[in-house]
DNA sequence: ATTGGAATGTTTTTT
DNA sequence: ACATTCCAAT
């Protein structure tokens with residue numbers, strides 16, 4: 001059979017694509033084209049096997065991966081592909097819950113609680129149960145509850161399995177927490193997986209419906225699924241028994257999130273008839289990089305044996321950068337990048353700087369800023385988790401779902417309107433006694449107003465409920481972005497921030513504007529799928545399920561900074577792993593199991609590289625407040641020495657202009673505020689040397705002297721095209737370029 | 001009810 | 001070193 005869908009695939013890949021019926025396990029090493037196989041398989045099902053897109057389910061690990069897969073399938077078979085269900089577990093089953101909420105006693109306007117909301121609710125539950133938060137840390141309780149949920153254990157089962165007083169207490173809190181979640185018409189992240197299981201158990205008809213809908217099931221990154229996800233998929237797959245899972249046990253790095261590597265290791269036991277394909281040819285990296293990754297991961301005992309190979313060249317050696325301390329490491333990494341850009345045909349976007357912990361990004365960022373190199377950072381503090389954003393989202397959530405008590409409490413007195421702690425306490429007691437939601441109590445407070453609250457509080461409450469109700473009506477009449485604009489205006493937050501006029505307030509101000517832009521864009525692009533989600537519900541769901549990596553925009557010409565976890569699935573010509581030290585990477589050497597996961601993480605990081613791989617480590621590093629002496633990671637020792645080129649970092653003083661003995665300090669501390677204020681800071685830098693025009697001679701710290709040939713954009717987005725003396729024309733962001741007028 | 005300063009915890013990775 | 005939370009003062 002010849003089909004353009006199979007073009008360019010190797011033999012194993014073709015077979016994997018064509019084996020559409022029954023159970024298929026695709027063990028796909030890093031860079032072996034597994035996403036390609038998956039998309040072609042889906043296209044093949046539709047185009048060749050004449051399966052309706054309606055009957056296909058594809059679960060990906062991130063929204064970004066889902067988006068890319070959608071795009072690629074559409075390219076192969078056209079717009080019909082839009083009816084395929086592609087998305088993350090959370091997105092797909094969140095949507096199903098939207099339709100089926102009533103059966104479980106929820107409303108379809110349910111709210112999704114993130115871990116901060118979760119923690120709030122756990123604290124409330126503990127207060128209610130009179131359990132000491134000093135003795136039982138709420139965050140510890142949360143992790144126990146979430147673990148139970150991921151193992152598909154309810155409060156009763158958790159209690160019966162508890163073998164110590166802490167677990168028993170946690171199970172009790174779990175029960176109360178569940179009760180309150182339900183009352184708030186809210187699901188937490190884990191519920192998006194386990195409530196569908198519950199739904200399918202309780203309503204066999206519904207299960208049958210979805211079994212019949214999803215006749216062909218695909219799960220990407222199967223090694224990172226957990227127990228609950230496993231159960232959910234088993235239930236669905238029992239219908240037509242067509243299930244294809246793709247994964248790589250060597251890339252299982254989410255054990256700490258209760259992912260169960262056993263799911264992939266035992267697939268053949270679950271399905272004795274399963275056909276297994278091994279994709280072992282790597283199309284991404286050089287031999288040296290691949291050998292490095294293989295040699296290290298080989299030390300793991302618990303794995304399916306496979307060896308990646310490539311027909312590419314040996315390539316350059318892996319470079320180990322030994323640095324005296326963490327600052328020297330950051331500086332050296334930047335020097336390596338500048339040198340490569342100068343001497344070879346590399347551009348900023350070719351580089352990724354990866355680290356084990358987000359905290360490591362700070363020094364690297366400082367170093368990059370100092371050298372005026374453009375970068376995008378994935379992770380860190382997330383946009384939608386910033387306080388000012390969450391405050392506004394809380395309004396939207398309450399307007400969508402007035403039962404959402406966690407959000408309601410967040411905004412009831414923000415901005416301050418005279419509903420204080422005592423008032424709130426009374427209201428909550430009252431709600432509890434009458435089994436009302438907090439909002440219901442607020443609505444009734446006037447009728448019952450027999451002196452139990454002060455008149456001032458009463459009228460404040462009335463104002464508040466009137467406002468919320470006004471917007472509940474307004475949202476039916478105006479467009480999403482129109483009524484949110486009016487809401488934000490009425491709250492007066494922007495005015496407050498402007499008055500404050502601190503750097504931080506300005507950054508918050510900008511963030512709110514950015515949120516409004518995002519709302520505007522969402523409002524115009526969202527196409528409601530008939531009688532399903534309202535625009536508001538859909539927006540809130542998207543926001544709740546967004547991952548850092550989803551927002552990563554690889555079209556910008558900038559270096560990439562992210563954790564190794566976030567880098568899974570991506571590739572870059574040059575990858576620099578930093579902090580490759582004992583105690584940091586591997587971070588925890590307590591148990592063999594954890595160590596093996598760290599080693600797999602190393603494998604993931606190393607195999608992101610196409611051409612050049614750097615491993616940097618520092619002999620001394622600041623953590624918390626102290627300086628610690630460290631040694632190179634055992635992973636470095638596990639690499640055969642003939643693959644390694646060892647470089648010692650130059651001493652930190654007396655170097656060229658790229659060192660920064662005393663970096664200019666903004667007032668007060670650095671670190672976090674840099675990220676938040678960078679726009680403002682850059683703006684002032686931009687104002688200092690703003691008036692560029694075409695024809696002007698300028699100097700760039702990396703590329704040297706050149707002449708401006710073209711200008712475009714304004715403010716932060718201003719770009720210049722410069723013809724440099726090496727004859728290369730480059731387009732740069734003025735914001736980052738740090739040009740000097742000559 | 002709001003504000004400011006002190007005490008406390010946090011950093012491993014995140015849907 | 002930071003941010004959040006807690007507590008006392010106004």
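The values are calculated or read from the model by the stated rules, or taken from the named source; none is laboratory data. Fair warning: this is a prediction, and the values are worked out from it, not measured in the lab. Note that we place each Cβ from the backbone using ideal geometry, even for glycine, and neighbour counts take in every protein chain shown.
On the basis of being away from DNA strand B (no atom under 14 Å from the Cβ), buried (at least 16 other Cβ atoms within 10 Å of the Cβ) and free of Cβ contacts under 8 Å to residues at least 12 places away in the same chain, does residue A:68 make the cut?
For residue A:68, the condition - away from DNA strand B (no atom under 14 Å from the Cβ), buried (at least 16 other Cβ atoms within 10 Å of the Cβ) and free of Cβ contacts under 8 Å to residues at least 12 places away in the same chain - is not met.
Mind checking which residues of the range A:359-376 are out of contact with any helix residue (DSSP H, G or I) (no Cβ under 6 Å at 6 or more places or on another chain), away from DNA strand C (no atom under 13 Å from the Cβ) and closer than 27 Å to residue A:543 by Cβ?
Those that are out of contact with any helix residue (DSSP H, G or I) (no Cβ under 6 Å at 6 or more places or on another chain), away from DNA strand C (no atom under 13 Å from the Cβ) and closer than 27 Å to residue A:543 by Cβ: A:361, A:365, A:376.
Taking the criterion of being modelled with pLDDT under 90, away from DNA strand B (no atom under 16 Å from the Cβ), outside any strand (DSSP E or B) and surrounded by 17 or more Cβ atoms within 10 Å (Cβ to Cβ), would at least one residue in the range A:373-380 satisfy it?
yes
Do the conditions hold for residue A:549, that is, is it modelled with pLDDT of 90 or more and either over 22 Å from residue A:65 (Cβ atoms) or surrounded by fewer than 24 Cβ atoms within 10 Å (Cβ to Cβ) (or both)?
no
Can you give me the number of residues within the range A:420-445 that are part of a loop (DSSP other than H, G, I, E, B) and away from DNA strand C (no atom under 16 Å from the Cβ)?
4
Quick one: how many residues across the range A:391-408 are more than 24 Å from the chain's Cα centre (by Cα) and free of Cβ contacts under 8 Å to residues at least 40 places away in the same chain?
Count: 1.
Could you identify the single residue in A:129, A:121 that is farther than 21 Å from residue A:92 by Cα and surrounded by fewer than 17 Cβ atoms within 10 Å (Cβ to Cβ)?
The match here is A:129.
Determine, yes or no, whether residue A:107 is more than 16 Å from DNA strand C (Cβ to nearest atom), at pLDDT 90 or above and assigned to a helix (DSSP H, G or I).
The answer is no for residue A:107.
Exactly one of (1) more than 16 Å from DNA strand B (Cβ to nearest atom); (2) more than 30 Å from residue A:241 (Cβ to Cβ); (3) out of contact with any helix residue (DSSP H, G or I) (no Cβ under 7 Å at 6 or more places or on another chain) is unmet by residue A:202. Its number?
For residue A:202, the exception is condition (2).
Please tell me if residue A:515 is in contact (Cβ under 8 Å) with a residue 60 or more places away in the chain, more than 16 Å from DNA strand C (Cβ to nearest atom), assigned to a helix (DSSP H, G or I) and more than 26 Å from residue A:221 (Cα to Cα).
When the stated conditions are applied, residue A:515 passes them.
Count, please, the residues in the range A:169-192 that happen to be within 15 Å of DNA strand B (Cβ to nearest atom) and either assigned to a loop (DSSP other than H, G, I, E, B) or at pLDDT below 90 (or both).
Residues flagged as within 15 Å of DNA strand B (Cβ to nearest atom) and either assigned to a loop (DSSP other than H, G, I, E, B) or at pLDDT below 90 (or both) within the range A:169-192 amount to 2.
So the check is Cβ under 7 Å with 6+ separation or different chains; which pairs have a first residue in the range A:249-268 that's within 16 Å of DNA strand C (Cβ to nearest atom) and a second one that's part of a loop (DSSP other than H, G, I, E, B)?
Cβ pairs passing all conditions: none.
It is to be established whether one or more residues within the range A:428-437 are within 26 Å of the chain's Cα centre (by Cα), at pLDDT 85 or above and away from DNA strand B (no atom under 12 Å from the Cβ).
Within the range A:428-437, not a single residue is within 26 Å of the chain's Cα centre (by Cα), at pLDDT 85 or above and away from DNA strand B (no atom under 12 Å from the Cβ).
If the requirement is being part of a helix (DSSP H, G or I) and within 16 Å of DNA strand B (Cβ to nearest atom), which of these qualifies: A:86, A:145, A:112, A:131?
Among A:86, A:145, A:112, A:131, only A:145 is part of a helix (DSSP H, G or I) and within 16 Å of DNA strand B (Cβ to nearest atom).
How do the pairs read when you match residues in the range A:114-128 that are closer than 18 Å to residue A:391 by Cβ with residues anywhere that are away from DNA strand B (no atom under 14 Å from the Cβ) and not in a helix (DSSP H, G or I), using Cβ under 9 Å and keeping only pairs 6 or more apart or on different chains?
Close Cβ pairs (under 9 Å, with a partner that is away from DNA strand B (no atom under 14 Å from the Cβ) and not in a helix (DSSP H, G or I)) amount to A:117/A:111; A:117/A:186; A:117/A:404; A:121/A:184; A:121/A:186.
Report yes if some residue within the range A:195-213 is under 24 Å from the mean Cα position of the chain (by Cα) and closer than 26 Å to residue A:540 by Cβ; otherwise report no.
Yes, the range A:195-213 contains at least one residue that is under 24 Å from the mean Cα position of the chain (by Cα) and closer than 26 Å to residue A:540 by Cβ.
Which condition number in (1) within 29 Å of the chain's Cα centre (by Cα); (2) away from DNA strand B (no atom under 16 Å from the Cβ); (3) under 30 Å from residue A:429 (Cβ atoms) is the one that residue A:153 fails?
All conditions are met except number (3).
May I ask you to list the residues in the range A:412-427 that are more than 7 Å from DNA strand B (Cβ to nearest atom) and either touching a strand residue (DSSP E or B) at 6+ places or on another chain (Cβ under 9 Å) or free of Cβ contacts under 8 Å to residues at least 60 places away in the same chain (or both)?
A:412, A:414, A:424, A:425, A:426, A:427, listed by residue number.
What's the number of the only condition in (1) modelled with pLDDT under 90; (2) in contact with a strand residue (DSSP E or B) (Cβ under 6 Å, 6 or more places away or on another chain); (3) more than 16 Å from DNA strand B (Cβ to nearest atom) that residue A:653 fails to meet?
With respect to (1) modelled with pLDDT under 90; (2) in contact with a strand residue (DSSP E or B) (Cβ under 6 Å, 6 or more places away or on another chain); (3) more than 16 Å from DNA strand B (Cβ to nearest atom), residue A:653 is out only on (2).
Go through A:364, A:399, A:392 for me and flag whichever is surrounded by 18 or more Cβ atoms within 10 Å (Cβ to Cβ), in contact with a strand residue (DSSP E or B) (Cβ under 8 Å, 6 or more places away or on another chain) and not in a loop (DSSP other than H, G, I, E, B).
So the residue among A:364, A:399, A:392 that is surrounded by 18 or more Cβ atoms within 10 Å (Cβ to Cβ), in contact with a strand residue (DSSP E or B) (Cβ under 8 Å, 6 or more places away or on another chain) and not in a loop (DSSP other than H, G, I, E, B) is A:364.
What residue, among those in the range A:468-495 that are within 16 Å of DNA strand B (Cβ to nearest atom) and in contact with a helix residue (DSSP H, G or I) (Cβ under 8 Å, 6 or more places away or on another chain), is nearest to residue A:508 (Cα to Cα)?
Ranking the candidates gives A:493 first.
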